[in-house]
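K.L.:
Got a structure here, written out as structure tokens. Questions coming.
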Amino acid sequence: MQEQTILGHPKGLFILFFTEMWERFSFYGMRAMLVLYLTRATSETFNPGMGWTSAEALSLYGTYGMMVYFMGIFGGIAADKWLGQKKAVIVGGVLIILGQFALAIDSLTMFYSGLTLLVCGVGLLKPNISTMVGGLYKKGDAKRDAGFTLFYIGINIGALAAPFIIGTVGETIDWHLGFSLAGFGMILGQVVFVFGGKHLKHVGNLLKHSETESHLATQPLSKVEKDRVIVLLLSFLIVIVFWAAYEQAGGLMSLYARDSVDRFVFGYEIPTSWFQSLHAFYVVLIGAPMAWLWLKWGKMGRESSAIFKMAAGMIIMCISFLALMGAVYDASVNMLGKAPIYWLLFSYFLHVVAELSISPVALSFITKLAPVKYASLMMGAYFAITGLGNKAAGMLGEYAQEAGEMAAFSIIAVACLLVGILLFFLVKKLKELSHGAEDLV
Ligand code: PHE
């Protein structure tokens with residue numbers, strides 16, 4: 001039977017697109033409020049918070065940021081062993097809904113229960129829905145990378161809208177109403193997923209239940225599969241450096257934007273928090289053109305393997321930090337101690353060019369290289385690595401408080417450059433070790 005498609009992609013992709021869009025809406029909406037809610041005084045008559053210090057709030061934010069993704073490992077194992085990816089997404093979605101509504105209740109016990117539910121829910125949902133995207137495409141289908149880019153755009157539409165809608169309601173009306181909105185967002189995601197289930201019949205099922213593949217669940221890994229796992233694990237190490245650099249945006253770069261950048265544009269001072277949506281805005285803007293450019297680059301007969309794209313992404317990331325160093329220098333010679341805004345806008349733009357060369361590419365790459373029976377686990381491991389990257393980002397931010405921004409930005413620039421160069425040298429070797437999986441683009 002010919003599968004139904006939209007824009008040349010299986011219909012199931014759009015079910016996953018909207019489910020993940022709402023999940024990210026819920027996730028980033030809650031995240032946009034978290035630190036503000038925690039640090040707002042309990043004595044405020046209007047919309048009181050929890051009265052924590054900034055240090056306490058940032059520390060919880062960091063731990064939460066690490067845990068949600070770290071939990072991906074367990075989410076992956078649960079899917080491979082017991083649930084299959086589809087059920088894992090459903091259970092994860094329910095936990096997220098319960099978690100957001102727990103946060104909506106004004107009590108400390110409910111607050112911690114809510115966070116725990118969110119950590120478990122995202123851990124179950126996020127890696128598994130990503131693996132399902134890969135499952136929609138047959139081996140060798142050239143559309144797979146483009147499918148992941150589309151999925152990635154969905155993620156970022158949710159991430160872009162959330163701070164404006166949920167953040168604004170939470171901050172200006174009531175925090176708990178904001179958390180409830182995040183819960184409703186996830187309900188919509190769940191509805192899309194369940195009602196769209198008919199387009200996902202053949203993906204995300206527990207391996208043992210799928211008759212044609214049942215022998216795969218019991219076979220030991222072959223040499224080729226083991227080699228591919230090595231390639232994946234190596235690329236994961238690289239990805240830590242990328243996320244440690246990228247996640248400066250929410251921390252150090254945000255503080256830098258607040259204190260040392262001239263944010264006046266046509267007489268209007270841009271609020272610092274708006275910079276939080278800049279990444280997502282750029283992804284939605286250039287996601288499709290970037291995917292097209294890479295495709296064209298490949299069609300011109302040039303090297304366009306995932307490893308090559310990741311290497312290019314790391315070099316671009318290095319340049320984005322050179323731009324930030326330019327900002328620090330400009331601020332140091334400026335009488336008011338402020339840097340012009342264009343450095344920051346340019347740096348964020350390059351962050352996203354790099355992100356689009358690494359992040360959706362990595363997701364797609366994992367679904368090509370991971371042995372079938374560990375497909376979810378490998379995806380979960382990737383998310384766990386992202387969690388470590390987040391943590392490393394926080395540590396670099398702390399380091400900058402003592403050593404200064406110039407030191408932190410230059411360390412990051414050098415690290416990205418070194419990793420990028422190393423990867424360029426390894427492209428051939430890693431392609432060999434992938435045993436052709438890479439040619440299945
Ligand atoms: N914006 C991406 C997302 O929310 C960032 C991310 C990439 C997070 C990879 C985790 C892992 O999906």
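The values are calculated or read from the model by the stated rules, or taken from the named source; none is laboratory data. Note that the coordinates shown come from a computational prediction; the quantities given were computed from them, not determined experimentally. Backbone-built Cβ (ideal geometry, glycine too); neighbour counts: all protein chains shown. Keep in mind that these areas ignore ligands, DNA and RNA; they rest on the heavy atoms of the full protein, side chains included. Shrake-Rupley method; radii C 1.70, N 1.55, O 1.52, S 1.80 Å.
K.L.:
Tally Lys and Arg at +1 and Asp and Glu at -1 over the other residues with C-beta under 13 Å from the C-beta of S59: what net charge comes out? Don't skip to the answer; put the middle values down first.
P.N.:
Details: positive: K391; negative: E56, E398.
Overall, the nearby charge balance is -1.
K.L.:
While we're on this one: Would you work out what percent of the accessible area of region 73-205, with all protein chains in place, is carbon or sulfur (probe 1.4 Å)? Don't skip to the end; give the middle numbers.
P.N.:
On the way: 3790 of 5190 Å².
Carbon-and-sulfur percentage of accessible area, whole number: 73.
K.L.:
List the aspartates and glutamates whose alpha-carbon lies under 20 Å from that of K368, not counting same-chain residues fewer than 8 positions away?
P.N.:
Within the straight-line cut-off, K368 pairs with D80, D141, D145, E213, E225, D227, E303, E355, E432, E438, D439.
K.L.:
Would you mind counting up the charge near E269? Only other residues with Cβ under 10 Å from its Cβ, with Lys and Arg at +1 and Asp and Glu at -1. Kindly include the intermediate steps, with their values, before the conclusion.
P.N.:
Details: positive: R263; negative: D262.
Local charge sum for E269: 0.
K.L.:
Sticking with this one: Could you let me know the centre-to-centre spacing of region 332-350 and region 1-59, using Cα atoms, in angstrom?
P.N.:
29 Å
K.L.:
Starting from the Cα-Cα distance between E432 and E44, subtract it from 0.36 nm times their residue separation and give me the gain in nm to one decimal.
P.N.:
Details: separation 388, 0.36 × 388 = 139.68 nm, distance 6.21 nm.
The span from E432 to E44 would gain 133.5 nm if fully extended.
K.L.:
Just the accessible area for Y112, please: 1.4 Å probe, Å², rounded to the nearest 10?
P.N.:
100 Å²
K.L.:
Over the alpha-carbon set of the chain, work out the extent along each principal axis and list the three values in angstrom, largest first.
P.N.:
66, 49, 36
K.L.:
Under 20 Å from the Cα of K296, which lysines turn up, not counting those fewer than eight places away in the same chain?
P.N.:
Of all the lysines, those that pass the test against K296 - Cα under 20 Å, at least 8 places apart if same chain - are K143, K309.
K.L.:
Moving on. Under a Cβ-Cβ limit of 4.7 Å, which cysteines in the chain have nobody to pair with?
P.N.:
So, C120.
K.L.:
Put +1 on the Cβ of every Lys and Arg and -1 on every Asp and Glu Cβ in the chain; which of I97, I15, I341 then has its Cα farthest towards the positive end of the dipole?
P.N.:
I15
K.L.:
Moving on to the next point. Cβ neighbours within 10 Å, averaged per peptide: list 113-122, 323-332 in order, most packed at the top.
P.N.:
Details: 113-122: 22.1, 323-332: 19.0.
The most tightly packed comes first, giving 113-122, 323-332.
K.L.:
Would you please classify the overall shape of region 286-440 from the alpha carbon gyration tensor, given that a ≥ b ≥ c denote the square roots of the eigenvalues, rounded means a/c under 1.5, and beyond that prolate means a/b larger than b/c while oblate covers the rest? Before the final figure, lay out the partial values.
P.N.:
On the way: a/c = 2.44, a/b = 1.74, b/c = 1.40.
Because a/c hits 1.5 or more and a/b exceeds b/c, region 286-440 counts as prolate.
K.L.:
If DNA, RNA and ligands are ignored and the probe is 1.4 Å, what is the ranking of D262, D145 by accessible area, most exposed first? The partial results should precede the final answer.
P.N.:
Details: D262 70, D145 35 Å².
So the residues, ranked largest to smallest area, are D262, D145.
K.L.:
Something else: First select every other residue whose beta carbon is under 12 angstrom from the beta carbon of Y37; then total the charges, Lys and Arg +1, Asp and Glu -1. Walk me through the numbers on the way to the answer.
P.N.:
Working: positive: R31, R40; negative: E44, D106, E171, D174.
Once positives and negatives cancel, what remains is -2.
K.L.:
Ordering R302, R40 from largest to smallest accessible area (1.4 angstrom probe), what's the sequence? Intermediate values should be presented prior to the final figure.
P.N.:
Details: R302 110, R40 70 Å².
Output order, biggest surface exposure first: R302, R40.
K.L.:
Skip the ligands, DNA and RNA, and give the accessible area per residue of the chain with a 1.4 Å probe, whole Å². List each step's numbers first, then the result.
P.N.:
Values: 19480 Å² over 441 residues.
Heavy-atom SASA per residue in the chain reads 44 Å².
K.L.:
For region 383-439, what class follows from the C-alpha gyration tensor (a ≥ b ≥ c being the square roots of its eigenvalues): rounded when a/c is under 1.5, otherwise prolate if a/b is larger than b/c, else oblate? Provide the component values of the computation, followed by the final result.
P.N.:
Values: a/c = 6.02, a/b = 2.07, b/c = 2.91.
Oblate shape, in that a/c is at least 1.5 and b/c is the bigger or equal ratio.
K.L.:
Follow-up. Report, in listed order, any pair from K138/K431; K11/K428; K11/K299 with a Cα-Cα distance greater than 32 Å.
P.N.:
K11/K428
K.L.:
Further question on the same structure: If r is the Cβ-Cβ distance from W297 to S254 and R0 is 45 Å, what FRET efficiency results, to the nearest 0.05? All intermediate terms of the calculation are to be shown ahead of the outcome.
P.N.:
Values: r = 33 Å, r/R0 = 0.74.
Given R0 = 45 Å and the Cβ-Cβ separation, E is 0.85.
K.L.:
While we're looking at this one, here's another question. Which of S26, S357, S59 ends up with the largest GNM mean-square fluctuation for the chain, with Cα atoms connected below 10 Å?
P.N.:
Comparing S26, S357, S59 in the GNM, the peak value goes to S59.
K.L.:
Counting only residues 5 or more places away or on other chains, whose amide H sits under 5 Å from the amide H of V203 once H atoms are built in the peptide plane?
P.N.:
Correct list: empty.
K.L.:
Let me ask you something else. Going through the DSSP H helices of the chain, which span 18 Å or more along their own axis at the Cα atoms while scoring at least 0.0 as a mean Kyte-Doolittle hydropathy? Write out the running numbers ahead of the final one.
P.N.:
Details: long enough: 11-39 (44 Å, 0.79); 54-70 (24 Å, 0.68); 84-103 (28 Å, 1.38); 108-135 (40 Å, 1.18); 144-162 (27 Å, 1.01); 175-195 (30 Å, 1.59); 223-246 (34 Å, 1.52); 278-299 (31 Å, 0.95); 306-333 (41 Å, 1.76); 341-369 (41 Å, 1.42); 375-403 (42 Å, 0.45); 405-433 (40 Å, 1.82).
Qualifying helices, which must be both long enough and hydrophobic enough, are 11-39, 54-70, 84-103, 108-135, 144-162, 175-195, 223-246, 278-299, 306-333, 341-369, 375-403, 405-433.
K.L.:
If you place +1 on the Cβ of every Lys and Arg, -1 on the Cβ of every Asp and Glu, and leave all else neutral, what size is the dipole of the chain about its Cα centre, to the nearest 20 Debye? Please list the in-between numbers first.
P.N.:
Working: 31 positive and 28 negative charges, 325 e Å.
For this selection, approximately 1560 debye.
K.L.:
Would you kindly find the accessible area of E225, with a 1.4 Å probe and non-protein molecules such as ligands, DNA and RNA excluded, rounding to the nearest 10 Å²?
P.N.:
50 Å²
K.L.:
How about region 5-51: which GluC sites (Glu not before Pro) there are in a DSSP loop, with at most 16 other Cβ atoms within 10 Å of their Cβ?
P.N.:
Details: sites: E20, E23, E44; in loops: E44.
When the GluC sites (Glu not before Pro) of region 5-51 are filtered for loop state and at most 16 Cβ neighbours within 10 Å, E44 remain.
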